[in-house]
Every structure is written in C-alpha cells, then in structure tokens.
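What follows is a short report on a single structure.
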Amino acid sequence: MATTGVINGTKFGVYAGSTKIGFATSASLSINHNLRDTSTKDSGGWRSQLEGQRDFEVSVEGMVIFATASGAIADLTVDELYTTYIATRTEFTIKFSTEVTGDYKWSGQAFMTSLSMDAPNEDSSTFSASFSGTGALTQAQV
C-alpha cells in the first residue's frame with residue numbers, strides 16, 4: 001500500500017541495479033531542465049528561453065563499511081562501488097525508491113561520477129558518491 005502523508009526520508013534508498021547502496025545516511029535525486037537561450041536584439045534586454053535538454057543526478061552519503069571476504073553484506077559497500085562502477089567505467093541502472101508498493105520510483109541508466117571518503121579523527125568514516133544519468137529518467141509506481 002502506498003505511503004500516505006509526508007514521507008520519512010529514511011524510506012528512500014538508492015539502488016544500483018537491484019542492489020541497495022548500503023549504510024546510507026542521506027540520498028538525493030536532482031532532475032534538471034536546461035533551457036536554451038533564444039534572446040535577440042529585439043528582446044528589449046530581456047532573456048528569452050525555450051525548452052532544452054533534461055538530465056538527472058543521484059547522490060548518496062553513508063558510513064564506510066568494507067565488504068567482508070565471505071560476502072556476508074547484502075548491500076553495496078564503498079569498496080564495491082569503486083571496483084564495480086568507477087574502476088570499470090560501467091553504465092548501469094540506478095533507482096531512487098522507497099520500494100513500497102504504490103509509491104513512485106525513479107530509474108534510468110547512469111555512470112558513477114565521483115566517490116569520496118572522509119576519515120575524521122575519532123569519528124565515523126563516511127563516503128559520498130555521485131551518479132550522472134545518461135538518457136531518460138523514468139517515473140513509475142513500485
């Protein structure tokens with residue numbers, strides 16, 4: 001049954017293929033519509049614009065946890081993100097979803113564009129990852 005009311009952000013996850021990116025503390029989806037300039041000398045000093053290309057980006061932040069030798073961790077870890085998507089330059093399906101039946105999900109093809117880790121003194125190590133869409137973003141119900 002679809003989520004009602006204001007949705008708790010904890011429900012949303014980022015998925016590479018069907019595997020959730022694990023240990024996330026935040027996630028975001030940015031959908032952009034880049035307008036094209038159609039201003040002329042007759043525009044009276046005002047910018048004129050028309051529709052242009054659209055694109056999307058997904059980002060996720062989380063705790064650094066490495067995969068175990070036994071592979072006991074079901075979600076994608078920071079080291080697996082690196083070896084699977086940065087090192088191989090692989091295009092894959094990315095999904096932003098609550099995975100609750102009836103809710104909306106957004107998915108499309110993407111490349112991983114950045115991966116960074118922060119290791120502060122006497123604090124939890126964290127990571128940030130960014131993904132840039134290539135092609136259309138699809139909205140559908142779970």
Of everything in segment 101-132 that's open to solvent by less than 40 Å² (accessible area, probe 1.4 Å) and assigned to a loop (DSSP other than H, G, I, E, B), which residue is farthest from Tyr85 (Cα to Cα)?
Gly102
Selection within segment 21-33 - of a type outside the set (Ser, Thr, Tyr), surrounded by 10 or more Cβ atoms within 10 Å (Cβ to Cβ) and more than 16 Å from Phe111 (Cα to Cα):
Gly22, Phe23, Ala24, Ala27, Asn32
Within segment 42-64, work out how many residues are open to solvent by less than 60 Å² (accessible area, probe 1.4 Å) and assigned to a loop (DSSP other than H, G, I, E, B).
3
Tabulated pairs, segment 93-104, first closer than 11 Å to Thr19 by Cα, second surrounded by fewer than 15 Cβ atoms within 10 Å (Cβ to Cβ) and of a type outside the set (S, T, N, Q), C-beta under 7 angstrom, 6+ apart or interchain
Thr93/Gly17
Any residue in segment 5-16 that's closer than 22 Å to Ala110 by Cα: show its pairings with residues that are open to solvent by less than 70 Å² (accessible area, probe 1.4 Å) and at pLDDT below 95 at Cβ separation under 6 Å, as long as the two are six or more apart or on different chains.
Ala16/Leu76
Segment 90-100, residues that are closer than 20 Å to Gly5 by Cβ and either of a type outside the set (Ser, Thr, Tyr) or not in a strand (DSSP E or B) (or both):
Phe96, Thr98, Glu99, Val100
Over segment 77-100, the set of residues surrounded by fewer than 18 Cβ atoms within 10 Å (Cβ to Cβ) and of a type outside the set (D, E, K, R) is Tyr82, Thr83, Thr84, Ile86, Ala87, Thr88, Thr90, Phe92, Thr93, Val100
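The values are calculated or read from the model by the stated rules, or taken from the named source; none is laboratory data. Treat the numbers as computed from the prediction; the structure is a model and nothing was measured. We place every Cβ from the backbone using ideal geometry, glycine too, and count neighbours over all the protein chains shown. These area figures cover heavy atoms from the full protein model, side chains too; ligands, DNA and RNA do not enter into them. Shrake-Rupley method; radii C 1.70, N 1.55, O 1.52, S 1.80 Å.
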